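The structure appears below as structure tokens.
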Amino acid sequence: MRRPNHRRRIQTARMQNQTIRQVVFSKRRFGLFKKASELSTLCGADVSIVVYSPTNKLYSFWHALVKSIVERFLEEDLTPGNNDPNPIIIAQQNANVD
């Protein structure tokens, strides 16, 4: 009997082979940036991603200015203890409702 040709789940662990690790990083980085681009295009979201490779090279993607996104994030009051609900927690809860 022939097995279905579907993607198999791989075990998540650090790869020991440096060459394979670099190839996987490059492929996953491309996929991550592609998804971020689609998210910004389809939803109008401001997206910025900064990634360091295993060889300490910097790769980045942004749809809006990184500085404006970081400043907007830092302006949020993320300290626990105030009576206002944390907007990040509310967004996460709303995302999990589906």
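The values are calculated or read from the model by the stated rules, or taken from the named source; none is laboratory data. Computed from a predicted model, the values in this text were never measured in an experiment. Glycine gets a Cβ as well: all are built from the backbone with ideal geometry, and neighbour counts include every protein chain shown.
Within region 5-26, does at least one residue satisfy the condition of being of a type in the set (K, R), free of Cβ contacts under 8 Å to residues at least 40 places away in the same chain and surrounded by 11 or more Cβ atoms within 10 Å (Cβ to Cβ)? The answer is yes; a qualifying residue exists.
Residues that are over 16 Å from the mean Cα position of the chain (by Cα) and surrounded by 12 or more Cβ atoms within 10 Å (Cβ to Cβ) within region 62-76 comprise just one, S68. Of the helices (runs of 4 or more DSSP H) lying entirely inside the chain, those carrying at least 2 residues that are at pLDDT 85 or above and basic (K, R) are 18-43. Summed over region 5-61, the residues that are β-branched (V, I, T) and over 11 Å from the mean Cα position of the chain (by Cα) give a count of 8. Scanning region 43-74 for residues that are touching a His at 6+ places or on another chain (Cβ under 9 Å), of a type in the set (A, V, I, L, M) and closer than 30 Å to R21 by Cα gives a single hit, V47.
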